[in-house]
Amino acid sequence: MITDPTILRIGEAVQLNHGGEREAARRMFEEIWEEIGGEQGDPLQRCTLAHAMADAQDDVEQELLWDQRALTAAGLISKERIAEAGVALSVEGLYPSLHLNLSECYRKLGDLDRAREHLKQAQATIGALGDDPYGQLIRDGLKKVTELLR
């Protein structure tokens with residue numbers, strides 16, 4: 001169970017976004033981003049926030065920027081920090097979704113080589129996910145993007 005209060009607040013902003021309140025979600029994400037110190041903040045919080053903020057963007061280039069921030073931060077997250085925050089997913093389990101999102105951004109921007117590169121990285125790391133609803137969601141996304149890139 002997640003115990004990190006900032007991660008929980010990010011989850012609240014995610015719910016706003018999923019509820020159709022995209023502008024309110026973006027404002028909340030921006031507020032939290034400032035509070036955690038932006039690019040200098042805790043890598044787990046940065047990764048979580050950037051990954052979610054990307055989904056709240058209307059502009060693909062902004063979405064790509066946030067997805068890139070998430071991937072950069074993921075490389076700095078320790079297993080100990082994940083456990084301390086109460087996050088059930090492993091560090092390795094972050095990568096399939098991060099690469100899937102980057103693949104989709106590059107596809108939308110017409111950079112099909114980079115899209116395929118990130119799709120391959122997502123496929124190479126999918127084994128870190130369990131056979132649960134989240135794992136299935138990411139696997140379904142991989143199938144969809146694979147089809148779109150054919």
**the chain, accessible surface, carbon-and-sulfur percent (1.4 angstrom probe)** = 51
**Asked** Based on Cβ point charges of +1 for Lys and Arg and -1 for Asp and Glu, what charge dipole magnitude is obtained for the chain about its Cα centre, in debye rounded to the nearest 20?
**Response** 560
**Prompt:** Which of the aspartates and glutamates could a cross-linker bridge to LYS120, judged by Cα under 16 Å and excluding same-chain residues fewer than eight apart?
**Reply:** GLU92, GLU104, ASP111, ASP140, GLU147
**Request:** Output ³J(HN,Hα) for the stretch 133-150: one whole-Hz value per residue in order, computed from phi by the Karplus curve 6.51 cos²θ - 1.76 cosθ + 1.60 with θ = phi - 60°, and x for Gly and Pro.
**Result:** x, 5, x, 5, 4, 5, 4, 4, x, 4, 4, 5, 5, 4, 4, 5, 8, 6
**Item:** HIS99 - accessible surface, heavy atoms, 1.4 Å probe, Å² rounded to 10
**Value:** 10
**Message:** Suppose each label sits 7 Å from its Cα in the direction of the beta carbon; what would the LYS144-GLU80 distance come out to in nanometres?
**Reply:** 3.9
**Complete:** Checked the stretch 94-150 against the a/c 1.5 cut and the a/b vs b/c comparison, axes a ≥ b ≥ c from its Cα gyration tensor; verdict prolate
**Complete:** With the 8 Å Cα cutoff and a minimum separation of six or more residues, the chain has a relative contact order in percent of 19
**Request:** Would you give the gap between the C-alpha center of the stretch 32-59 and the C-alpha center of the stretch 61-79, rounded to a whole Å?
**Result:** 8
**Message:** Give me the one-decimal Kirkwood hydrodynamic radius in Å for the stretch 59-105, with the sum taken over alpha-carbon pairs.
**Reply:** 11.3
**Message:** Let me check I have the definition right: for the chain, take the eigenvalues of the Cα gyration tensor, multiply each by 5, take square roots. What are those semi-axes in whole Å, largest first?
**Reply:** 23, 19, 14
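The values are calculated or read from the model by the stated rules, or taken from the named source; none is laboratory data. Model, not experiment: these values are computed from the prediction. A quick note on method: Cβ atoms are made from the backbone with ideal geometry, for glycine too, and the neighbour counts reach across all protein chains shown. Accessible surface areas use protein heavy atoms only, side chains included; no ligands, DNA or RNA. Shrake-Rupley method; radii C 1.70, N 1.55, O 1.52, S 1.80 Å.
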